[in-house]
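The values are calculated or read from the model by the stated rules, or taken from the named source; none is laboratory data. Model, not experiment: these values are computed from the prediction. Ideal geometry is used to build each Cβ from the backbone, glycine not excepted, and the neighbour counts take in all protein chains shown. Accessible surface areas use protein heavy atoms only, side chains included; no ligands, DNA or RNA. Shrake-Rupley method; radii C 1.70, N 1.55, O 1.52, S 1.80 Å.
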Amino acid sequence: MSVGTFKTERARMTAVVRSEDEASLRGLIERCSELKGELVAFAQSARFDRWLIPLLLEGAGPERRLDEGDAIRIIDHFILRYRLPGDTTVVDRFVGSRRDLSEVDRDMLLGRRDPSRASSRSDARTETASSC
């Protein structure tokens, strides 16, 4: 094999690997988005109203106005860090109620709550998953 042929073949192989990695990363990001939507819907269900509504009302202040950014921050805090009875969070309960979740899905969700819980692997997929 000549040097030119070797370089061409190496460039082609690199492009194939990069394409596969990008497709894998895109799939992971899409799954992360799906899970986040499901988690937010779960948190906004009636079962959590007694805890979430007072937080939103407090955030709205006496004028009862809450902009979208503040609402998102309050709901995100509620989902990931607010301690419910039994010392659990909404994300803990969501993961506990979903037996269909893969280990990767569970790591993505619980890694949002506590980044130190995310897998210690240092590849791009894990880094994206832990910051989902």
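Okay, here's what the table says:
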read-out: Any chance Ser116 is modelled with pLDDT under 95, in a helix (DSSP H, G or I) and surrounded by fewer than 10 Cβ atoms within 10 Å (Cβ to Cβ); value: yes
read-out: Number of the condition not met by Ile29 [criteria: (1) of a type in the set (A, V, I, L, M, F, W, C); (2) over 22 Å from the mean Cα position of the chain (by Cα); (3) open to solvent by 60 Å² or more (accessible area, probe 1.4 Å); (4) modelled with pLDDT under 95]; value: (2)
read-out: Pick from segment 66-99, criterion assigned to a loop (DSSP other than H, G, I, E, B) and either under 20 Å from Lys36 (Cα atoms) or of a type in the set (S, T, N, Q) (or both), ranking: least open to solvent (accessible area, probe 1.4 Å); value: Thr89
read-out: Search result, residues across segment 42-65 that are open to solvent by 60 Å² or more (accessible area, probe 1.4 Å) and of a type in the set (A, V, I, L, M); value: Ala46, Ile53, Leu57
read-out: Pairs where the first residue, in segment 40-60, is of a type outside the set (Asp, Glu) and the second is not in a helix (DSSP H, G or I), C-beta under 6 Å, 6+ apart; value: Gly59/Leu66; Ala60/Leu66
